[in-house]
Amino acid sequence: MSIKSIKLPVLPLRDLVIFPSIMMPLFIGREKSINALEHGINNKNEIFLVTQCDGSIDNPESKDLYNVGVVANITQSLIKLPDNAVKAIIRGVNRGKVVEYINSSCLLQANIEINDYEEYDEDSVEVEALKRSIIDAFHDWHKLNKKNQSEPLVNSIDHIQEAGQLADTITSYLNVKISDKQSILETYNLKQRLEKILTLIEREISILNAQNRLYKTVKSQVESSQRVYYLNEQLKAIQKELGEVENSDEGNTFSEFEKKINETQLSQEAREKAITELKRYKKMNPVSPEATVISSYLYWLLELPWGKYKDTKIHLNTAKKILDQNHYGIEKVKDRILEFLAVLKRVKEIRGPILCLVGPPGVGKTSLAKSIAKAVDRDFVRMSLGGVHDESEIRGHRKTYIGSMPGKIIQHMKKANSCNPLFLLDEIDKMGTDLRGDPASALLEVLDTEHNKHFTDNYLEVEFDLSSVMFVATANSLNLPYALRDRMEIIQLSGYTEEEKVSIATHYLIPKLKQEHGLQNKEWNITTDALYKLIRLYTRESGIRSMEKELAKLMRKAVKEISTEKGKKISIEVDNLSNYLGVRKYTFGMAESENLVGVVTGLAYTESGGDILMIESVLIPGKGEIQYTGKLGEVMQESIKASYSYIRSKCLFFNIKPEIFQNNDIHIHVPEGAIPKDGPSAGVAVCTSIVSLMSNIPVNRNVAMTGEVTLRGRVLAIGGLREKLLAALRGSIETVIIPSENEKDMQEMPKNIKEKLNVVFAKSVDEVIKVALVNTST
Ligand code: ADP
């Protein structure tokens with residue numbers, strides 16, 4: 001160790017600690033300092049740089065200065081700056097310890113002791129480890145320190161070999177307190193110095209990390225509030241541009257809701273809920289998704305017809321007049337409806353069963369319901385249940401789902417505009433069931449007069465009283481869940497005969513359509529024969545919907561002709577009908593033009609009314625098996641098997657050789673194979689087809705039949721008789737064989753059915769065969 005003493009001019013530094021081997025420009029303004037610099041230049045360019053304990057002191061004395069500083073070289077001479085300051089570039093050389101300050105009025109000097117021995121072992125493992133750690137930490141610090149992006153500095157650090165120099169260089173770059181830097185400068189012991197630096201860097205890193213975290217949170221907060229503000233402004237601009245809500249600031253929306261809450265006769269529960277939701281809404285950012293959910297909720301809640309009841313009076317005479325005005329015939333149906341209304345008038349409360357109008361399409365179920373609404377002076381709403389599979393369609397989704405809405409019942413109540421409308425549940429039999437729940441059970445609750453006072457929609461979350469609603473349902477078939485059916489008072493509507501259709505057309509549809517098309521009475525007419533032709537060749541239906549469409553088509557064409565040829569009168573006759581309606585759509589008459597073996601005309605009852613159902617069978621060499629095709633339902637398949645077994649067991653009775661059964665298979669087909677068919681009532685037709693086939697005797701083409709067959713050959717009653725007989729009439733059938741058990745129903749059949757059809761009643765299959773096959777009776 002060698003200690004050198006030297007006297008040097010002192011340059012006090014205000015906020016800076018200079019380390020050995022650091023080169024740096026200095027800007028010097030104080031006169032005494034400039035003197036020191038000049039002195040240094042004259043004295044081998046050497047000067048002593050020492051930091052002030054307090055940087056604010058202008059004329060520091062010895063007590064104001066630290067004791068350890070740096071002996072430095074002045075590498076570039078004075079450069080005078082305009083404000084009398086000077087610039088010099090200096091380079092630190094050695095640490096120096098002040099032994100004594102020598103202060104005069106114009107210059108500060110000091111005796112310095114230079115200790116060029118640093119207590120360290122450059123190669124020691126500890127020093128090397130510390131060195132590496134410091135370099136790593138320094139890199140981390142550099143990455144984090146956004147202000148200090150000097151790449152050359154980082155690279156130069158990597159090339160410093162000497163640990164002491166490394167420590168000094170790094171410290172001079174660190175953004176730490178002057179006192180910390182000074183403490184490093186004063187630490188002569190290398191290992192201790194390195195440890196101190198490492199601690200300093202680590203501390204700096206954790207400060208920077210914390211700073212970054214804070215910066216990010218603050219930045220994102222600022223950004224999101226800026227974004228919301230920006231979007232809000234954009235929204236307002238767009239709304240203004242579109243001329244939408246001019247005063248759509250939140251204040252107005254709130255007061256509108258408040259006004260609505262005060263004005264609407266909400267239930268206590270609904271009022272409390274509305275107030276709570278509005279309070280929540282006020283606290284929210286108006287464009288946030290939650291706020292949208294709440295505002296649309298409040299909209300739904302407040303738009304419902306709370307407390308609005310129409311003054312409904314039932315005048316039976318007026319009701320009868322309205323029903324008669326809009327509906328021809330169907331006297332029984334109208335009577336039943338009037339009875340229902342009479343009871344309602346008495347009890348004044350809807351407690352009994354729900355009216356359900358059942359019948360094929362186009363027979364006037366919906367229009368009857370509308371007339372009932374008119375007769376009882378209620379608003380009318382129609383909700384179609386066709387294709388409703390999901391319970392939540394009836395009862396709504398919870399409002400937590402984005403885009404959720406109340407269920408159909410509440411939606412329609414809003415449309416109804418009063419709490420006591422006539423609510424038509426259309427096509428109640430078309431409701432499905434699937435995984436998402438059974439809508440029928442939800443509907444049951446709606447219809448239950450005990451419970452519907454407290455109906456709660458999942459979306460609305462508050463009770464809405466449905467007990468004053470008059471529910472009426474319609475269905476094409478009675479294929480309803482038992483519990484639902486149990487609640488209904490069923491009124492059956494059947495298809496119309498041709499005569500009835502013609503009457504409805506003449507008395508109701510044509511005048512109505514003429515008015516709708518703006519046609520004068522004298523401008524357009526249709527003859528009765530043309531009407532029959534229209535019904536037979538252009539429609540095939542139980543109701544009158546297609547007929548109405550065809551008539552409307554005729555009138556549209558007429559309006560066009562009249563508008564081009566003023567004063568023209570149009571009369572639709574049998575001969576010119578096809579000029580307007582085009583080629584006929586259906587054939588009228590028998591399904592078959594000759595008597596065939598194995599081909600039988602059955603009668604079926606479907607949801608769209610009665611229809612003719614052909615049954616064909618052929619014999620194929622085989623082992624006595626039976627096949628059937630034509631999309632047949634389970635019941636129909638069983639009915640075919642039973643019929644086959646019965647005929648086979650009685651083959652001798654029907655004059656059929658048993659070998660024919662043994663050596664042949666039978667294939668039974670019911671054409672129009674794409675249409676599903678089911679039910680037991682084709683039994684007699686299947687038996688007839690098999691007997692005809694096996695005995696090779698043709699079936700009379702003028703005969704149609706319907707009836708279920710037992711294994712012992714008895715013929716059992718069937719349903720939908722009127723529809724089936726109407727279908728037979730439409731198909732120009734002369735004789736219809738029906739079960740004897742249905743004889744009682746004949747009283748209710750229209751007169752013209754009885755007159756036009758030869759109805760034969762059969763108790764057993766052999767009675768059927770006798771009539772059906774061509775020459776067995778002779
Ligand atoms: P549905 O609901 O049974 O399918 P709609 O009520 O829609 O039938 O009736 C179809 C059309 O037939 C309506 O224009 C209706 O006014 C008319 N209509 C049906 N039956 C009659 C009738 N008996 N008298 C007068 N118009 C009828």
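Structure values in brief
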quantity: FRET efficiency, ILE3 to LYS219 (Cβ-Cβ, R0 35 Å, nearest 0.05); calculated: 0.05
quantity: nm² value of the averaged projected area, convex hull over the Cα atoms of the chain; calculated: 65.3 nm²
quantity: Table column - 3J(HN,Hα) (Hz), the range 41-50, Karplus curve with 6.51, -1.76, 1.60, x for Gly and Pro; calculated: 4, 6, 10, 6, 6, 9, 8, 10, 9, 9
quantity: Volume per residue that the Cα convex hull of the range 498-581 spans, once the total is divided by residue count, Å³; calculated: 80 Å³
quantity: Residues of type lysines that LYS131 reaches as a straight line, Cα spacing below 26 Å, ignoring anything fewer than 8 places off in the same chain; calculated: LYS97, LYS143, LYS146, LYS147, LYS177, LYS181, LYS191, LYS196
quantity: Inverse of mean 1/r across different Cα pairs in the range 248-303, Kirkwood, Å; calculated: 11.2 Å
quantity: Length added when fully stretched, SER296-ARG30, from 0.36 nm per residue minus Cα-Cα; calculated: 88.4 nm
quantity: Nearby lysines by direct alpha-carbon distance to LYS657 (threshold 30 angstrom, same-chain neighbours under 8 apart not counted); calculated: LYS623, LYS641, LYS763, LYS770
quantity: Percent antiparallel among DSSP beta bridges (both partners in the range 599-772, rounded to 5); calculated: 55 percent
quantity: Taking the chain and dividing mean pair separation by its residue count, relative contact order in percent (alpha carbons under 8 Å, at least six apart); calculated: 7 percent
quantity: Length-normalised contact order for the range 125-217 - Cα pairs under 8 Å, 6+ apart - percent; calculated: 42 percent
quantity: Point-charge dipole on Cβ atoms (K/R +1, D/E -1) for the chain, about Cα centre, debye to 20; calculated: 3240 debye
quantity: Mean residue ellipticity (222 nm) of the chain, computed from DSSP H runs ≥ 4 via -39,500 (n - 2.57), nearest 500; calculated: -13500 deg cm²/dmol
quantity: Distance (nanometres) between label positions extended 7 Å along Cα→Cβ at ALA552 and LYS80; calculated: 10.7 nm
quantity: Diffusion coefficient, µm² s⁻¹, Stokes-Einstein with Kirkwood Rh over alpha-carbon pairs of the range 5-64 at 37 °C and 0.692 mPa s; calculated: 270 µm²/s
quantity: Potential extension, ASN752-ASN73 segment - 0.36 nm per residue separation minus Cα distance; calculated: 231.1 nm
quantity: Sorted by Cβ neighbour density within 10 Å, fewest at the top, the residues SER105, SER468; calculated: SER105, SER468
quantity: Cα-based radius of gyration of the range 330-492 once divided by 2.2 N^0.38 Å, which approximates compact folds; calculated: 1.01
quantity: DSSP-assigned coil residues among chymotrypsin sites (Phe, Trp or Tyr not before Pro) in the range 31-123, each with at most 11 further Cβ atoms within 10 Å; calculated: TYR117
quantity: Relative packing of peptides 726-739, 186-199, 301-314 - highest average C-beta neighbours within 10 Å first; calculated: 726-739, 186-199, 301-314
quantity: Gain on full stretching of the segment that runs from ASP58 to THR710 - 0.36 nm per residue minus C-alpha separation; calculated: 222.1 nm
quantity: 5 Å binning of all Cα-Cα separations within the range 653-778, expressed as whole percents from 0 upward; calculated: 2, 10, 20, 22, 21, 14, 7, 3, 1, 0
quantity: q = 0.11 Å⁻¹: log10 I(q)/I(0) that the Debye formula gives for the range 125-217, counting C-alpha atoms only; calculated: -0.30
quantity: For peptides 505-512, 406-413, sequence by mean Cβ density within 10 Å, most packed first; calculated: 406-413, 505-512
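Laboratory data are not the source of any read-out in this text; all were calculated from the coordinates shown. As the structure is a prediction and not an experimental result, all values here were calculated from the model. Quick reminder, even Gly has a Cβ in these numbers, built from the backbone with ideal geometry, and neighbours come from all protein chains shown.
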